[in-house]
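Asker: I'd like to ask some things about the structure below.
The values are calculated or read from the model by the stated rules, or taken from the named source; none is laboratory data. The structure presented is a predicted model; accordingly, all values stated were derived computationally and were not measured. No Cβ is skipped: glycine too gets one built from the backbone with ideal geometry, and neighbour counts run over all protein chains shown. Heavy atoms of the whole protein, side chains included, go into the accessibility calculation; ligands, DNA and RNA do not. Shrake-Rupley method; radii C 1.70, N 1.55, O 1.52, S 1.80 Å.
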2 protein chains.
Amino acid sequence: MPSVPRWIDSVVKALGLPENKGQNVFQMATVDASGKPKVRTLVHRELFQPSGRPNLPVILTTTDVRSPKVQELRANPYAELCWWMEGSKDQFRISGPVRVIPSPHADRTAWVKGEPSVAFDVVEEQGFDWEKKRSEVFDNMSAHMKASWCRPPPGSVLQSYQEAKKWTGKVPKLGEAESEDDRRNQEQALQNFALVLIEAVEVDWVQLGEQPNRRTRFLRVGEEWTEEISVP
Amino acid sequence: MPSVPRWIDSVVKALGLPENKGQNVFQMATVDASGKPKVRTLVHRELFQPSGRPNLPVILTTTDVRSPKVQELRANPYAELCWWMEGSKDQFRISGPVRVIPSPHADRTAWVKGEPSVAFDVVEEQGFDWEKKRSEVFDNMSAHMKASWCRPPPGSVLQSYQEAKKWTGKVPKLGEAESEDDRRNQEQALQNFALVLIEAVEVDWVQLGEQPNRRTRFLRVGEEWTEEISVP
């Protein structure tokens, strides 16, 4: 069986250090339709891999399918993540093609599908149930987070900060709706909720906590990972 | 006299909060020559402004002029910064044109100069002494940091982590060299050290510490800043 690339062990180990507690956010850079760079903070949700293929890791995060970043990804379905872990002074830069998995009821233009790529193609061949995954990830979010997908489209203009006070504050878990409002909110949130998948093909790991500092570059060639030491 | 845009006050205030202590790093996204996104962590050094023009703020950070990011900026001299302050849950996304100011003795191709832009043009008209600024910023760095610019070019391949043990560990302040080696190292470090300047023209501030969450977009139109409330 193919094995997990060494950098995944390093990410998992770094995340488990007490000094990195709570450092589960990274910045995702994309390129918009005009060729300009864009970058924002996202919460890391899961390290995903196709069944039996731990050599093809995918980073899973989430978004509102109406957000500008989905439009940007439609124009350029490729991203680089920068995961800085302040406690241990580790930086992982992870890049590769991106897929956005929206509700099956979403407008088809909401899907982001770039050029064919190894991990995503394997997952598709395996007939993976993305809708089940999407529901599970959604349900694991806090009630406050679920409610964020009931807001007007991210980035749209408001007349005042007051308007936000009218928004739904909490949305219960699926199956725990207590009112018609709860059910309507769940439906709306789930309609706007999407998974964002970044297939890792290149990783640059800088260890500023080591003296002398270390840097290692990992590159996936076909399905194999190569490793190269370089100057930090 | 023109005034400081409101978002600068917000950055300064957020940085001064005890819960944000030490949160002086941001991620800078650029686009490489092939159109792919790149992003890495950098240390914020200074909020710079042309003399008498606080309405034209520039974010100042530093780099090794031989680093891949300088090549990327030469191809696309525009960046977006993402400054996430974990303590207060503030995110500032700041974008605009970029200049790289290397040693006057550096290869002229090391300079990054994009299209004309308001703040950089004003600074140039004012005859600002960039070399004096570059030396001052360099001298304020730690001895360990100064030594990092004496390494082989960032990103170049090493045979083993052991090679790094031969590198210079510390470089003293200018004027405090005690040996011929110190002087040679200072000269080399100063030759590779460069300022990176990001002229802010658009700022997106998200306040996740506020309930309900707030988002405000600032846009510089000519020399005036406009402000718009939007959905987080």
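Asker: Determine the shielding of peptide B:22-30 by partner chains: average, over its residues, the number of Cβ atoms on other chains within 10 angstrom of each Cβ.
Answerer: 5
Asker: How far, in nm to one decimal, is B:Ser3 from itself in the other copies if the label point is set 7 angstrom along Cα toward Cβ? Shortest first, please.
Answerer: The answer, with the shortest distance listed first, is 6.3 nm.
Asker: Find the accessible area per residue for the protein assembly as shown; the probe is 1.4 Å, ligands and nucleic acids are left out, and the unit is Å².
Answerer: About 45 Å² of surface per residue is accessible.
Asker: Shielding by partners for A:225-232, please: the mean number of other protein chain Cβ atoms within 10 Å of each residue's Cβ.
Answerer: Shielding by partners across A:225-232 averages 5.
Asker: Any idea of B:Asp90's accessible area? Nearest 10 Å², probe 1.4 Å.
Answerer: Estimated to the nearest 10 Å², B:Asp90 gives 20 Å².
Asker: Would you mind giving the average projected area, over all directions, of the Cα convex hull of region A:6-230 in nm² with one decimal?
Answerer: Average of the hull's projected areas for region A:6-230 equals 14.7 nm².
Asker: How large, in percent, is the carbon and sulfur part of the accessible surface of chain A at a probe radius of 1.4 Å?
Answerer: Within chain A, the accessible surface is 50 percent carbon and sulfur.
Asker: Largest first and in whole Å, give the semi-axes of the protein assembly as shown's equivalent ellipsoid, each being the square root of 5 times a Cα gyration tensor eigenvalue.
Answerer: Semi-axes, largest first: 38, 29, 19 Å.
Asker: Applying the Karplus parametrisation 6.51 cos²θ - 1.76 cosθ + 1.60 with θ = phi - 60° to the phi angles of region B:181-198, what ³J(HN,Hα) value in whole Hz is obtained for each residue in order, glycine and proline being reported as x?
Answerer: Each residue's phi maps through the Karplus curve to give 4, 3, 5, 5, 5, 4, 4, 5, 4, 5, 5, 8, 6, 9, 8, 10, 10, 10 Hz.
Asker: So what J values fall out for region B:22-28 if you push phi through Karplus, 6.51 cos²θ - 1.76 cosθ + 1.60 with θ = phi - 60°, rounded to Hz, Gly and Pro as x?
Answerer: x, 8, 9, 10, 9, 9, 10
Asker: At A:Ser51, label 7 Å along Cα→Cβ: distances to the other copies, nm, ascending?
Answerer: Those label-point separations list as 7.1 nm.
Asker: Right, here's the next one. Based on alpha-carbon centroids, what's the gap between region A:182-198 and region B:107-179 in Å, whole number please?
Answerer: After rounding, the separation between the Cα centres reads 47 Å.
Asker: Mind grabbing the interface size between B and A? I mean buried accessible area, both sides, 1.4 Å probe, in Å² to the nearest hundred.
Answerer: Summing both chains' loss of accessible area gives about 4200 Å².
Asker: Would you rank B:Lys21, A:Lys69 by solvent-accessible area, highest first, keeping every protein chain in place and using a 1.4 Å probe?
Answerer: Ranking B:Lys21, A:Lys69 by accessible area, largest first, yields B:Lys21, A:Lys69.
Asker: Here's another thing I want to ask about it. Quick one: Karplus J couplings for region A:2-15, per residue in order, coefficients 6.51, -1.76, 1.60, θ = phi - 60°, nearest Hz, x for Gly and Pro?
Answerer: x, 10, 5, x, 4, 5, 5, 4, 5, 5, 5, 5, 4, 4
Asker: Another question, then. Can you work out D for region B:124-232 in µm² s⁻¹ from Stokes-Einstein, where Rh is the Kirkwood radius over C-alpha pairs, the temperature is 25 °C and the viscosity is 0.890 mPa s?
Answerer: For the chosen part, D equals 136 µm²/s.
Asker: Right, next: Between B:Leu219 and the same site in the other copies, what are the distances in nm, shortest first, taking label points 7 Å from Cα along the C-beta direction?
Answerer: Spacings between copies for this position, smallest first, are 4.1 nm.
Asker: OK, next. Please compute the Kirkwood hydrodynamic radius of region B:1-137 from all pairs of different C-alpha atoms, in Å with one decimal.
Answerer: One over the average 1/r among Cα pairs gives 16.1 Å for region B:1-137.
Asker: Work out the mean other chain Cβ neighbour count within 10 Å for the residues of A:75-86 and drop it here as an integer.
Answerer: Per residue, the number of nearby Cβ atoms from other chains is 4 on average.
Asker: Filter the cross-link list B:Lys89/B:Lys146; A:Lys38/A:Lys113; B:Lys13/B:Lys69 down to pairs whose alpha-carbon distance in this structure exceeds 28 Å.
Answerer: Pairs exceeding 28 Å: B:Lys89/B:Lys146; B:Lys13/B:Lys69.
Asker: Okay, next question. Taking only the alpha-carbon atoms of region A:71-192, what semi-axes of the equivalent ellipsoid follow from 5 times the gyration tensor eigenvalues under a square root, in whole Å, largest first?
Answerer: Working from the Cα gyration tensor, I get semi-axes of 29, 21, 17 Å.
Asker: Sort the following peptides by mean Cβ neighbour count (other Cβ atoms within 10 Å, averaged over residues), highest first: A:92-100, B:202-210.
Answerer: A:92-100, B:202-210
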